[in-house]
1. Quick check for the stretch 671-731: number of Lys pairs with alpha-carbon distance under 22 Å, counting only pairs 8 or more apart or on different chains?
2. Using amide H atoms built 1.01 Å from N in the peptide plane, name the residues 5+ places from SER239, or on other chains, whose amide H lies under 5 Å from its own.
3. When we measure straight from the Cα of LYS535, which lysines land under 18 angstrom away, once same-chain ones fewer than 8 places off are left out?
4. Restricting to DSSP loop positions (anything but H, G, I, E, B) with no more than 16 other Cβ atoms inside 10 Å of their own Cβ, which chymotrypsin sites (Phe, Trp or Tyr not before Pro) remain in the stretch 677-730?
5. Would you kindly state how much longer the chain becomes between LYS431 and SER401 on full extension, computed as 0.36 nm times their sequence separation minus their alpha carbon distance, in nm to one decimal?
6. I need to check one value: relative contact order of the chain, counting alpha carbon pairs closer than 8 Å and at least 6 residues apart, in percent.
7. Put a dot 7 Å past each Cα toward the Cβ at GLN250 and TYR423; how far apart are the dots in nm?
8. Near the amide H of SER418, under 5 Å away, which other amide H atoms are found, from residues 5 or more places off or on another chain, if H is placed in the peptide plane?
Amino acid sequence: MLYADVIVDISHEAIDRTFQYQIPEDLKGQIEIGSQVNIPFGRGNSVRTGYVIGLSDKTEYDTSKIKSILSVCTEGVAVESRLLSLALWIKEHYGSTMINAIQTVMPVRKTVKADVTRYVALKTDDIDGCEYRYLKKNAKAKLRLIRALAKEKIIPMSRVTGELGVSYQTIHSMEDEGTVLVTEDSRYRDVTPENVKCTGDNGSDVQLSEEQQSIVDEFVNDCDEGVRRTYLLHGVTGSGKTEVYVRCIQKVIQQHKQAIVLIPEIALTYQTIRYFVRYFGDRVTFVNSRLSSGEKYDQFERARKGDVDVVIGPRSALFTPFENLGLIIMDEEHEGSYKSDNPPKYHAREVAIERACREGASVILGSATPSMESYKRALSGEFRLWTMKKRAEDRPLARTSIVDLREELRRGNRSIISDELSYDIADRLGKGEQVMLFINKRGYNSFVSCRSCGEAVKCPHCDVAMTRHAAGDKNGILMCHYCGYSMAEPSSCPACGSRLIGGYGVGTEKVEQEIHRLFPEARTLRMDRDTTSKKNSHQHIVEKFGRGEADILIGTQMIVKGHDFANVTLVGILLADLTLFNGDYRSGERTFDLLTQAAGRAGRGNIPGKVIIQTYKPDNYVIKAAAAQDYEMFYETEAAYRSFMRYPPEWNMMVIMAVGAEEEQLANIMDRMYSLIREKYMQTGHLSVIGPSEPAISRIKDMYRRVLYIKHQDYMVLVKIRDCIEQWFKESGEAGVSVFFDFNPMNMY
């Protein structure tokens, strides 16, 4: 006998309330995960619609009391069914519970109150009679309302109780008398800022370049011929990728389909929605974590009912419930924010491709610095590669200068601002032009490097910078969080012997203080996590800088991603090495991406731009390639390094993290897990198992953490190992320990 786990109500609160039903013989083969079925429900056996989220040949209930599924809905596959099927794929591909996967693909289906506006309307035709009666009774409030309604017929309740001063009790009394009628108007919560709503400018005056037109023509031809594929759009910063996105979406909408546009940062929402509203008006909306539950719910409902054609947002927008999805665009596809930090640890790129494949849609991945994974697949022919090498209107790329901070130190300049950058800032301030100063992150001493030769202390086994763990006033411990190798923090540089060695980091506030010291007349804005914690704070900072209310914008990574300020002619990258040696095999790629994106912010208007890269490693291939904005140069060297060290995308990697309250128990489990993997899978060949070791943070809230790293060329081998570990862990019955999996991790553990 076969049984199905069915959820009746797809809401966030009820997603884990399943009911088991028997699958009749005549329906076997028709029912799968995601199927929409008709079932008897409740005491009266009323017929309800449900969705199958699990299948089993076993049941814990009395079989005589289990009801049978009545039928399978065949009038078209509902979007909920397609998303549930996608949830199953995520569960199997990345490892998680089915409930977690469902909550991921249906993140905002919460019970929320509708946004209702109440009105008071005139019901009687005998206005004179009512007025006479209220005058006679000295009913002043009723008299005010009847006279106001005589002029306007219908008035919002808020104005009646506020401006007119009429109480709810009085209104109800007039309702009973048949004088007025209270009505309600339920509407969607509006999330689009007033200052970006459609102004009549539909962008029709924008002329495409030859490169842009060629790409759009190919996409249009593919759509007309029914060809659906994944495209990688590799365009230099300022080449006009967004305009290509718009034209491709217009084609999809002509075919009565919808589009999802993914962006990596909430900070990009304002400028993106402003651009798209020009073309699509109120047929475009957005979702992100800064919206309330009600606002998110309303935007997804608009999409479900076909009231919008385009939804913009970060990773979670991928699951917008469009009935007829035609295109998914992932802008800045290289960004690590597209990888989920919580189980299931899915990558939006892979899920987007899978969803598009299931729904007959296309995918466009866009970036000036494509991820290593995507570019490799494009070179192999798996993705169609589009290239745009010229900026819009043939504007030149910014001129780049590399400043060697070792030389600055030798000349006695200990400021975070180099002499060249200081001179150029003064020059731009004098000309009324704007400056952006970028620091990779808020800053802390995460690695140890030498100020004299620029070398960072690296693990001898993994070729990544070792992470510093402070130890009070004494020197700390350096540890590799791939293999667990550790050593005492050296007091002198192992490479050159210099004693100018130590932790490396600085924050945005310190930079702002230094700018105020050097340029007290300069108006500054700061954009980092601290200044953008409130709703719409990103938008306000971007608007102020765009209006020229500040001369210098100082910020972390969020200021270099996609922003377009025509008056910015100088970009200073203060510490290019901050992400170059952060103990992660992706350090080089992440640094190249950030430096190239930062350089792309300069000279986007009519005045040529300049970029100054401050670094202790001016000869590093990443720094050189970023300064030249030469992606191919970077990719060739980085791919060779990844292949030699067996890192993704040349190989695949899986991280197994175990968490538990008892350190000894956790260590024992991980040792047994390590032995099991070596015993069962080493014969497959080319398998590398590293650890168990401590992650960068080995204990959080009194819960210990340990990790294993497993590498193999074949992704499916890692999936089989994960399945084996899940089954072994389930059968071992270890209480108090949780195990999580992460494939091809984007961040260090």
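The values are calculated or read from the model by the stated rules, or taken from the named source; none is laboratory data. Here the structure is a predicted model, which means the values were calculated and not measured. For neighbour counting, all protein chains shown are included, and Cβ atoms are generated from backbone atoms with ideal geometry for every residue, glycine included. Areas reflect the complete protein model, heavy atoms only, side chains present, ligands, DNA and RNA absent. Shrake-Rupley method; radii C 1.70, N 1.55, O 1.52, S 1.80 Å.
1. Lysine pairs satisfying the spacing and distance rule in the stretch 671-731 number 5.
2. Those qualifying (amide H under 5 Å, at least 5 residues apart or on another chain) are ALA392.
3. LYS296, LYS544
4. none
5. Taking LYS431 through SER401 to full extension adds about 8.8 nm, to one decimal.
6. 10 percent
7. 4.7 nm
8. For SER418, no residues qualify.
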